Amino acid sequence: MNRFFFTGQATPIENSEFDDEYTLKVPSEDEVRIVAIRLRNCQYYLTGIDVCRQNIFQKHLEDEKAVPNGFLPCKPLVDSYYYCISQGQYGQSVQDAPTEAQENLTKFQSCLFNKLNPANYCKGFASKAVRDLYHLPGTKIKDSTI
């Protein structure tokens, strides 16, 4: 199984007799399927983010003053990717995301634009953001291929 889809959640046990005792939450089959489908169906936008970054790098190499806003031109693609992985149920952009998903979405953007990792490398944070949305009470994320 792909490492992005099965991450599980290990939480240290408070006041444990030993330092290395954890509770493990294993995701349900439904959760794994939903995360896999969302990431697969939204790969197009992730590829677009990579192309956008590559174009900005190229312009920067040609003329440093050609890209004064850095990666800001890629923001609409990041928002489109979020809209896709959230099935449009939790706002139009990353800023509209519920607070439960904000931490992983921030890590996703940091991975893409601060650390300059390939987009597929950062997909693990997007996976965790989908899981965060899935675990919201009354989640609107559904098992669909659309």
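The values are calculated or read from the model by the stated rules, or taken from the named source; none is laboratory data. Since this is a predicted model, take the numbers as computed values, not measurements. Note that each Cβ is placed from the backbone with ideal geometry, even for glycine, and that neighbours are counted across all protein chains shown.
Below, the figures for the structure above:
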| quantity | calculated |
| --- | --- |
| Hits in segment 27-37 (condition: surrounded by 13 or more Cβ atoms within 10 Å (Cβ to Cβ), touching a residue at least 40 places away in the same chain (Cβ under 8 Å) and over 13 Å from LYS123 (Cβ atoms)) | PRO27, GLU31, ARG33, ILE34, ILE37 |
| ASN55 being loosely packed, with under 14 Cβ neighbours inside 10 Å and in a helix (DSSP H, G or I) | yes |
| Residue list for segment 38-80, filter: in contact with a Gly (Cβ under 8 Å, 6 or more places away or on another chain) and in contact (Cβ under 8 Å) with a residue 24 or more places away in the chain | LEU77, SER80 |
| All positions within segment 114-146 that are at pLDDT below 90, surrounded by 15 or more Cβ atoms within 10 Å (Cβ to Cβ) and part of a helix (DSSP H, G or I) | ALA119 |
